[in-house]
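Novice: One structure, pasted below without further comment.
The values are calculated or read from the model by the stated rules, or taken from the named source; none is laboratory data. The structure presented is a predicted model; accordingly, all values stated were derived computationally and were not measured. Because the Cβ atoms are built from the backbone with ideal geometry, glycine has one as well, and the counts that use them run over all protein chains shown. SASA here: full protein model, heavy atoms, side chains in, ligands and nucleic acids out. Shrake-Rupley method; radii C 1.70, N 1.55, O 1.52, S 1.80 Å.
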Amino acid sequence: MKQANIVIPDLFLPQSIASDVCVNLNLPALEKILARGKVQGLVTHCLEAWLCETFAVPGMAIAPVTLRVDGLAHGGKYWMRADPVHLRLQRSEMILQTNVMLNAEEAQQLCESLNQYFADSDLRFFAPHPQRWYLRLDADPQLNTFPVNQVEGRDSRFHLPQGDAALKWHGVLNEIQMSLYAHPISQACEARGGLPVNSVWLWGGGQAGTLLQPFTSIVSNSELVKAFAQASNISYSSIPGEQEAFGKALYVWDGASAALRRGDYYAWRQSVLEFEENFMLPLLKSLADGELDKITLDVLQEDSSKRFELTRAMLWKFWQRPQSLQHYALV
């Protein structure tokens, strides 16, 4: 069966903003799939969890997947993502922001400073990418963590690591924050108008394993999806190409979600329009022309994810009239 599997987080907006943000959006292909596809609920509500479930990665262990493509050897150790972030005090909330501006040399120096600070422990920090840092440990710390993208723009205090050793690790984070806050590089970032790195976000911990190969090809604008494609040896492209041979293809669009996390509704609109043009229109045409057997669209939302499945025969359900995107606004 030739099948297109599409994943887009945060396509449906809250009712409080949907009517204004979605006004005059022209999305004929997307609206037809939503109206005529068979719908069912999903229990997976974020892209990280969807990828781990689909590729058989246990326990949301994102770090061992991304460290491979960042050039680090797992060495049989336990790894966590320790991404550099800025925590901003806003009234009584500690808002997490990820748009810190570091170059590779600055990231290396900050990690070296942390390694010196924790020299007497088993904590070892690495910065193979300026915005993707890692923490290597000798053993599983038995923590439950939240993906950084799910916390961005929110009060980080309600999403700190959980588990039997949580209080110990909250203390570790406090020490990290004190070390980074006083570092000359963080102060230099602030002096040039950027957000200083004053903390790291620990998440996605686990040990390396073998990934499934559930797709024949992957197209996405997501760095995380690219890491999963490379780690599972699946053909990857960031640009939709010709659709002669689908096999079982995966298409993931993360642009709308990234814009929503920033509160940039104009960028969200533009991203959804780009999604329509680059993905939905050509895929729906391929389904109508018989080049595809089925389209599966997974719309990931924090509390109400849904799957829409559309076959060629379902295209003829003319009585199921397309509705504008704001019709699907979240209560």
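Novice: Using only the Cα atoms of the chain, each taken as one equal point scatterer with no solvent, compute I(q) by the Debye sum, divide by I(0), and report log10 of the ratio at q = 0.07, 0.12, 0.13 Å⁻¹.
Specialist: Here log10 of I(q) over I(0) equals -0.32, -0.89, -1.02.
Novice: Let me ask something else about it. Protein chains only, probe 1.4 Å: how do TYR181, TYR236 rank by accessible area, largest first?
Specialist: Sorted descending by solvent-accessible area, the residues read TYR181, TYR236.
Novice: Further question: With the Cα gyration tensor of the stretch 208-331 in hand, give its eigenvalues times 5 under a square root as the equivalent ellipsoid semi-axes, listed largest first in whole angstrom.
Specialist: 24, 22, 14
Novice: At a Cα cut-off below 28 Å, give the lysines reachable from LYS168, other chains included and same-chain residues fewer than 8 away excluded.
Specialist: LYS77
Novice: Which of the trypsin sites (Lys or Arg not before Pro) across the stretch 12-110 are loop residues per DSSP, with 11 or fewer other Cβ within 10 Å?
Specialist: Counting only loop positions with at most 11 other Cβ atoms within 10 Å, the trypsin sites (Lys or Arg not before Pro) in the stretch 12-110 are ARG91.
Novice: Another question about this same structure. May I ask you to list the trypsin sites (Lys or Arg not before Pro) in the stretch 134-209 that are in a DSSP loop and have at most 16 other Cβ atoms within 10 Å of their Cβ?
Specialist: Those satisfying the criteria are ARG154, ARG192.
Novice: Is the shape of the stretch 142-223 rounded, prolate or oblate, going by the alpha carbon gyration tensor and its root eigenvalues a ≥ b ≥ c, with a/c under 1.5 for rounded and a/b larger than b/c for prolate?
Specialist: Cα axes put the stretch 142-223 in the oblate bin.
Novice: Report, in listed order, any pair from LYS285/LYS317; LYS2/LYS306; LYS32/LYS285 with a Cα-Cα distance greater than 19 Å.
Specialist: LYS2/LYS306
Novice: Still on this structure, please answer the following. Just tell me the longest site-free run in the chain, where the sites are GluC sites (Glu not before Pro) in a DSSP loop having at most 14 other beta-carbon atoms within 10 Å.
Specialist: Longest gap between qualifying sites, sites excluded: 1-241.
Novice: Right, another one. Just to confirm the number: angle between the C-alpha axis of helix 166-181 and the first principal axis of the chain, 0 to 90 degrees, nearest 10?
Specialist: Approximately 80 degrees, to the nearest 10.
Novice: Please report, to one decimal in angstroms, the Kirkwood hydrodynamic radius of the stretch 40-185 built from all distinct Cα-Cα pairs.
Specialist: 16.4
Novice: If I take the Cα coordinates of the stretch 43-95 and project them onto the principal axes, what are the three extents in Å, biggest first?
Specialist: 42, 31, 16
Novice: For the Cα atoms of the chain, what angle does the longest principal axis make with the long axis of helix 104-117, in degrees from 0 to 90, nearest 10?
Specialist: Approximately 50 degrees, to the nearest ten.
Novice: Taking a temperature of 37 °C and a viscosity of 0.692 mPa s, what whole-number D in µm²/s does Stokes-Einstein yield for the stretch 93-156 with Rh from Kirkwood over alpha carbon pairs?
Specialist: 244
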